[in-house]
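In what follows, a single structure is set out as structure tokens and then discussed.
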Amino acid sequence: MPRRAAGDPRAAGPAGGAVGELGGALQDLIALLGRASDGGWLRLMHKSGLTPAQLVTLHMLERGDAENVSRLADRLGITRGAVSHLIDRLVHLRLVTREEAETDRRRKHLALTPAGRRLLGRLRHERVGDLSQVLARLSVEARAELEGAVRRTSDELRRSLGARVQTG
């Protein structure tokens, strides 16, 4: 990986030094994977008619990162009104349910429907297929090295972040 010029914002990143350079290298890898992919999951996302914000919301609900409108608004960095409209659309599409909380009728509990889970499953399947096609271009040695590094990194991040992290 070539060193970045001092003026390149990815040169050091917020963490600076080697960690920042690793962040830049990882960003480059993610960009390369995206460019080399045939985009099947992007076509499925487009076909679903959902916006990126709606898809992020579905993923957050799946992971348990947000169970109500206020929490979603905080996590997405948008107003509760904007989240309410976003949720209205997802409820209309039968991808999310919205029910009154048992202890406070003013609060609404949000959850994925089986259709919402199926959509996320199809998107995940397409994304894994796209990535698999790209990674098949690598040598066996490079794939094995990458797999080992990814698994070790994922395990360490899960341990350091604890129960807050779930993957799909």
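Throughout, read-outs are computed from the coordinates displayed, never taken from laboratory work. Here the structure is a predicted model, which is why all the values come from computation and not from measurement. Ideal geometry is used to build each Cβ from the backbone, glycine not excepted, and the neighbour counts take in all protein chains shown.
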Top positive-direction residue, dipole computed over the range 60-107 with Cβ charges, set Thr103, Gly77, Gly64: Gly77
Scattering curve values for the range 50-112, log₁₀ I(q)/I(0), Debye with Cα scatterers, q = 0.11, 0.19, 0.27 Å⁻¹: -0.20, -0.61, -1.29
Karplus-derived HN-Hα couplings along the range 81-89 (A = 6.51, B = -1.76, C = 1.60, θ = phi - 60°), whole Hz, x at Gly and Pro: x, 5, 5, 4, 5, 4, 5, 3, 5
Label-point separation in nm, Ser139 to Thr113, each point 7 Å along Cα→Cβ: 5.1 nm
For the chain, built as a Gaussian network whose Cα springs stay under 10 Å, the top-fluctuating residue of Arg143, Arg63, Arg98: Arg143
Relative contact order of the range 50-112, defined on C-alpha pairs under 8 angstrom at six or more residues apart (%): 33 percent
Positive dipole terminus of the chain, leading residue within Ser160, Gly23, Leu131 (C-beta point charges): Leu131
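Can you tell me the dipole magnitude for the range 50-112 around its Cα centre, using point charges on the Cβ only (Lys, Arg +1; Asp, Glu -1), in Debye to the nearest 20?
160 debye
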The chain, dipole about Cα centre (Lys/Arg Cβ +1, Asp/Glu Cβ -1), debye to the nearest 20: 400 debye
Cβ-derived FRET efficiency at R0 30 Å, Arg124 paired with Glu100, nearest 0.05: 0.45
Additional length obtainable on full extension of the chain from Val19 to Asp65, 0.36 nm per residue less Cα span: 13.9 nm
